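The values are calculated or read from the model by the stated rules, or taken from the named source; none is laboratory data. Please read these numbers as outputs of a predicted model, since none were measured by experiment. Here the Cβ is made from the backbone with ideal geometry for all residues, glycine too, and neighbour counts use every protein chain on show.
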């Protein structure tokens, strides 16, 4: 019997938490803009209020990061250990990597095309007294491939090296398939441990409204309008391109492969999108992503625990889109500054 792609959702998500997260997000922005001007003039704000806000946001991020390693390892081993036909893994792996490569290239093209069309760097002027950056050479391909394989899995977990953790978990999961009764018991134990970790994820998410508030308030105070204004056009181009990528490319994928409405998909990952926007971390959002696709879409542990951690490591569409747009932005600013000097 092949691995289960979809299972019946266990529970219906409570929309109350999402509303609280959205309220925390909006209040965080308002709080940051109101408190920001008092950072230099009020010792109470600078010495007590903002350190407490910053600490709260960091605690929330650490709680999210705390979940990643045990959740990925236990879910992946449990999922692989339940596979009856190992050839299924090859098929899923090839489809996943092909899809990731395709969406990454499309995201890069959208980011560069948008920056070329709207030209956000034309009005920027690079300071004349900047020193040249010390750029290191490219990492050899052999070293990149070698870095995928762990020489110490415990060290890989301590460093949160997701690719190495996936490789180690993959070998453990495959070993469970061929070890017999002992392997079966171990994978079943990992499945039970994964259930516990999903419960811990829900405990952490109860703290999410205040965590989101703290993170966005701290960001708004540190990077206020005065700092962000010169880059406003670039910021708008990047975010508009990311939204366009999601609405067009992801919507087409949902229509073609799932035969469902894109709204069904975006509604199911609302918590993931908000958390990703606030934390700016694919890995930090991973526990919530796993919980969303598992509970809202009914995706099996075997698929979600393999595809999502891999995607959080190698399929960063937003990062690629941003880097492509920034490369064009810097080139435009450099050319504009060069003509100014002449």
Subject >> Checklist (1) farther than 30 Å from residue 328 by Cβ; (2) in contact with a helix residue (DSSP H, G or I) (Cβ under 6 Å, 6 or more places away or on another chain) applied to residue 83, failing item >> reply: (2)
Subject >> Sole exception among (1) modelled with pLDDT of 90 or more; (2) surrounded by fewer than 24 Cβ atoms within 10 Å (Cβ to Cβ) for residue 325, by number >> reply: (2)
Original post:
Is there a residue being more than 28 Å from residue 165 (Cβ to Cβ) and surrounded by fewer than 17 Cβ atoms within 10 Å (Cβ to Cβ) anywhere in the stretch 268-279?
Top reply: no
Subject >> residue 234 over 20 Å from the mean Cα position of the chain (by Cα), in a helix (DSSP H, G or I) and at pLDDT below 90 >> reply: yes
Original post:
Of the residues 211, 224, which single one is surrounded by 13 or more Cβ atoms within 10 Å (Cβ to Cβ), closer than 30 Å to residue 40 by Cα and at pLDDT 90 or above?
Top reply: 211
Subject >> Among residues of the stretch 80-98, those that are more than 18 Å from the chain's Cα centre (by Cα) and closer than 13 Å to residue 309 by Cα, counted >> reply: 1
Original post:
Inside the stretch 150-165, can you point out the residues that are over 22 Å from the mean Cα position of the chain (by Cα) and either exposed (fewer than 13 other Cβ atoms within 10 Å of the Cβ) or on the phi > 0 side of the Ramachandran plot (or both)?
Top reply: 151, 152, 154, 155
Original post:
Between residues in the stretch 23-40 that are crowded, with 18+ Cβ neighbours inside 10 Å and residues that are not in a helix (DSSP H, G or I), which pairs lie under 7 Å by C-beta distance while being six or more apart or on different chains?
Top reply: 36/224
